[in-house]
Amino acid sequence: MRFRGFPAQTLPFFKALAFHQTKEWFDQNRETYETAVKGPMGDLVDDIVARLAKAGVPIKGDRKSSLFRIHRDVRFSKNKDPYKTNAGLAMTRSGAKSDPGVLYFHLSPDGCFFAAGFHNPEPEQLAKLRSAAARAPKQFRQMTAKLAANGLSLSDDDALKRPPRGFEAIEDSEILAAVRQKHFICLRRVEERRIQEPALVDDFSGFASDSLPLLKWGWEALADSR
């Protein structure tokens, strides 16, 4: 086991970075970034991937491909700050972050959390997920019931206020809520004190198992040729 927790200076580093959005400041504090953010995040990936493989959870990743860059893409943004003030990692079935069905960890002074599911799916993928819920409501309810038994539920962030075209006739309230989704994700908050502990690996592994019903349901929906 490599991960020993994020050090005490991890979140303060991001708070300071928010006020010092310059290359000069970042270069002067690059060692802190490497030792307090990037290094521990990579260790977390290595440990959780090994744990998931042992448990038979079909999620892959590594410290090179799973971590997000600290540099922001400012090409199409009015905000030209060059650096992110948070860090994240994403793991998938193939290990590529672009593969649908993601297991995610978010590290930020504004709040840390685990997440899993299908965030901002392509239009064709979103249509398949919505159709799967509408076409097979029993299987969808079984999935959400498993999530609920594990203390999880689908997030309704960005959900449409009205059903999209083609789903207007649905009367079942749970399925109606499902087809209004823009994302099919669930989250679990992580207490700030917990990120400093090696047991964060246990927490992440537990979340992965708890959220697996959603990932499996979504993978099956996307594989459906209908």
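Key figures
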| read-out | value |
| --- | --- |
| Test: residue in region 218-226 that is closer than 18 Å to A148 by Cα and either open to solvent by 80 Å² or more (accessible area, probe 1.4 Å) or not hydroxyl-bearing (S, T, Y) (or both) | yes |
| Total residues in region 181-208, condition out of contact with any helix residue (DSSP H, G or I) (no Cβ under 7 Å at 6 or more places or on another chain), of a type in the set (G, A, S) and in a helix (DSSP H, G or I) | 1 |
| Residues satisfying the stated conditions in region 82-117, i.e. among the hydroxyl-bearing types (S, T, Y) and over 23 Å from L147 (Cα atoms) | Y83, T85, S94, S98, S108 |
| Every residue from region 96-110 that is farther than 18 Å from R69 by Cα and open to solvent by less than 30 Å² (accessible area, probe 1.4 Å) | G101 |
| Pairs where the first residue, in region 188-211, is within 18 Å of D46 (Cβ to Cβ) and the second is open to solvent by 40 Å² or more (accessible area, probe 1.4 Å) and part of a helix (DSSP H, G or I), C-beta under 6 Å, 6+ apart | L200/R194; S205/R51 |
| Subset of region 92-144 that is among the hydroxyl-bearing types (S, T, Y) and touching a helix residue (DSSP H, G or I) at 6+ places or on another chain (Cβ under 8 Å) - its residue that is nearest to K15 (Cα to Cα) | S108 |
| Long-range neighbours under 9 Å by Cβ, at least six apart or interchain, first residue over 25 Å from G166 (Cβ atoms) and modelled with pLDDT of 95 or more within region 128-156, second assigned to a helix (DSSP H, G or I) and open to solvent by 80 Å² or more (accessible area, probe 1.4 Å) | L152/K146 |
| In region 33-62, the residues that are under 24 Å from K15 (Cα atoms) and of a type outside the set (G, A, S) | Y33, E34, T35, V37, K38, P40, M41, D43, L44, V45 |
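Conditions tested, residue by residue: (1) open to solvent by less than 30 Å² (accessible area, probe 1.4 Å); (2) out of contact with any Phe, Trp or Tyr (no Cβ under 7 Å at 6 or more places or on another chain).
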{"residue": "F19", "(1), (2)": "no, yes"}
{"residue": "E24", "(1), (2)": "no, yes"}
{"residue": "D43", "(1), (2)": "no, no"}
{"residue": "V57", "(1), (2)": "yes, yes"}
{"residue": "H71", "(1), (2)": "no, no"}
{"residue": "V74", "(1), (2)": "no, yes"}
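The values are calculated or read from the model by the stated rules, or taken from the named source; none is laboratory data. Keep in mind that this is a model prediction, so the values were computed, not measured. Counting neighbours? That spans all protein chains shown, and the Cβs are built from the backbone with ideal geometry, glycine included. When the accessible area is computed, the model is the full protein with side chains, heavy atoms only, and any ligands, DNA or RNA have been set aside. Shrake-Rupley method; radii C 1.70, N 1.55, O 1.52, S 1.80 Å.
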